[in-house]
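The values are calculated or read from the model by the stated rules, or taken from the named source; none is laboratory data. This one's a predicted model, so the numbers in the text were calculated from it and none came from an experiment. A quick note on method: Cβ atoms are made from the backbone with ideal geometry, for glycine too, and the neighbour counts reach across all protein chains shown. For the accessible areas, the whole protein counts, side chains as well, though only heavy atoms, and no ligand, DNA or RNA atoms are used. Shrake-Rupley method; radii C 1.70, N 1.55, O 1.52, S 1.80 Å.
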Amino acid sequence: MLQVIRAQLMSRPFLWLLFFCNLLGTIYGFYWYRYQLEDTAWYWNFFVPDSPTSSGLFTLVLFLWLIRKSSPFLEMLSMVTNIKYGIWACGVIFTYGLADGRIEAQNWMLVLSHGAMAVEVILYNFAYSRKFDWSLLWIGAVWLLFNDFVDYVYGIHPYLQDERFFADVQFWTPLLSILTLVLVAALRPKARTN
């Protein structure tokens, strides 16, 4: 049964469908961040659109698979960023939703799309290159933790609904980065020594 599911996940029609869904989501994500990108100094703009950058990385991974190539580096970056920012967005939306007693319809769309970001990269763990092992995770650690530093020291973090939970988000964001790295390390093979 597992082999049948994996074969379906790696079938070219399904990969093309996933590629276009992720591509459209990435484009929409950059559009979503347009005002924050305009309000941010150009040299920080790379650090603003965390989620669309993450889904864009997985879109590139899918494209490489479709042309029968792979990049352990891109696989690692897409996995750690999609897990972290997928969970982050859902966590922030639920935090405000619970406090407000409701979650707007638009935010449910964001929960579904960001939840899917985290799920899809974990679901494809079996397909990543064997060269994507623990030895690459230090790059992901630097990426995530430096982004957290820039977000909360220089104020580049995604806009929040308001400042009520800023201190909480500022505390658990780097913690989520560390937990993401631990999860990915547990899912990936240890570096081989010869």
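Taking the criterion of being over 15 Å from N147 (Cβ atoms), touching a residue at least 12 places away in the same chain (Cβ under 8 Å) and among the β-branched types (V, I, T), the residues of segment 74-116 that qualify are V92, I93, T95, V111. Among the residues of segment 23-60, those identified as without any contact (Cβ under 8 Å) to a residue 60 or more places away in the chain and either closer than 23 Å to F126 by Cα or among the basic types (K, R) (or both) are L23, R34, T53, G56, L57, T59, L60.
Where helices (runs of 4 or more DSSP H) fall entirely within segment 15-122, those with at least 3 residues that are modelled with pLDDT of 95 or more and under 25 Å from S135 (Cβ atoms) are at 50-66, 72-100.
Do we have any residue at all in segment 169-188 that's assigned to a loop (DSSP other than H, G, I, E, B) and free of Cβ contacts under 8 Å to residues at least 60 places away in the same chain? No, there is no match, as no residue in segment 169-188 is assigned to a loop (DSSP other than H, G, I, E, B) and free of Cβ contacts under 8 Å to residues at least 60 places away in the same chain. Residues that are loosely packed, with under 10 Cβ neighbours inside 10 Å and outside any loop (DSSP other than H, G, I, E, B) within segment 1-11 comprise L2, Q3, V4, listed in sequence order.
Count of segment 91-109 residues, restricted to those that are open to solvent by less than 20 Å² (accessible area, probe 1.4 Å) and within 16 Å of the chain's Cα centre (by Cα), is 1. Taking the stated definitions as given, is F166 aromatic (F, W, Y), over 16 Å from the mean Cα position of the chain (by Cα) and open to solvent by less than 20 Å² (accessible area, probe 1.4 Å)? It is false that F166 is aromatic (F, W, Y), over 16 Å from the mean Cα position of the chain (by Cα) and open to solvent by less than 20 Å² (accessible area, probe 1.4 Å). May I ask you to list the residues in segment 123-138 that are assigned to a helix (DSSP H, G or I) and open to solvent by 10 Å² or more (accessible area, probe 1.4 Å)? Answer for segment 123-138, where residues must be assigned to a helix (DSSP H, G or I) and open to solvent by 10 Å² or more (accessible area, probe 1.4 Å): L123, N125, F126, A127, W134, S135, L136, L137, W138. Checked against the criteria, Q161 counts as open to solvent by 60 Å² or more (accessible area, probe 1.4 Å) and outside any helix (DSSP H, G or I).
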